[in-house]
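Beneath this line is the structure, given in structure tokens, with notes to follow.
Please treat every number below as a calculation from the coordinates, not as lab data. Small disclaimer: the values here were computed from a predicted structure and weren't measured. Note: ideal-geometry Cβ built from the backbone for every residue, glycine included; neighbour counts use all protein chains shown.
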Amino acid sequence: MKRFRERLKAFENMTVSYTDILVKAVAKALARHPHLNASLDGNEFKVFECINIGVAVAAPLGLVVPVVHNVGNLTLTEISKQTRELIEKARKGTLSKEELSQGTFTITNLGMFEIDLFTPIINPPETAILGVGSIKERPFVEEGKITSRLTMFLSLSVDHRVVDGAPAAEFMQTLKKILEGIDLTEE
């Protein structure tokens, strides 16, 4: 992901954050695993048609989660523009009610604080939240030899009333493949 971001910057003159890339990758994974883009309302299970991803932001008055709406229909450039605007508004305290509502999945990234792994708390009424750790070069065994590789830890918290461990693991497996292949093309 780090190399992909650097390539975008160098060759396509695109400035995107790791969070922007993750928002796009998560949207692709959610399209393939819609049961994680869902909610439990009383006893009713509801799968959302739109993928609206909340991005946790540390703001002066505390954590806020502005929402990028209809992510599945946005390009990486559009996602980047919207997240930048939402983060700026969050830090200024000028987010509208609409910009804070209708999230269907949340991403929280503590990698910039050099946190490797943590357990994020689900943002109700959503079914899942993805915790993103730091990207670091770490030892890696490949074909019996120790080498180094850039790695990132992701942790997924899910509401087990809606999603069991196996479907959550399948979602993570899909997300891993998307991020490793950095296939963010439109389908």
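Among the listed values (i) 15.2; (ii) 11.0; (iii) 11.8, the one computed from these coordinates for mean projected area of the Cα convex hull in nm² is (iii). Per the Debye calculation on region 54-154 with a single equal scatterer at every Cα and no solvent contribution, log₁₀ I(q)/I(0) for q = 0.12 Å⁻¹ amounts to -0.49.
With a 10 Å Cβ neighbour count serving as the proxy for reagent exposure, in which order, fewest first, do Ser101, Ser148, Ser17 appear?
So the ranking, lowest neighbour count to highest, is Ser148, Ser101, Ser17.
Taken along the Cα-to-beta-carbon direction at a fixed 7 Å, the label points for Thr147 and Glu88 span 4.1 nm.
Pick from Leu175, Leu30, Leu40 the residue whose mean-square fluctuation is largest in a GNM of the chain, springs joining Cα atoms under 10 Å. Judging by the Gaussian network model, the answer is Leu40. Packing, taken as the mean count of other beta carbons within 10 Å per residue, orders the peptides 59-66, 32-39 from highest to lowest as 32-39, 59-66. Taking 7 Å steps out from each Cα toward its Cβ at Leu63 and Phe45 produces label points 2.7 nm apart.
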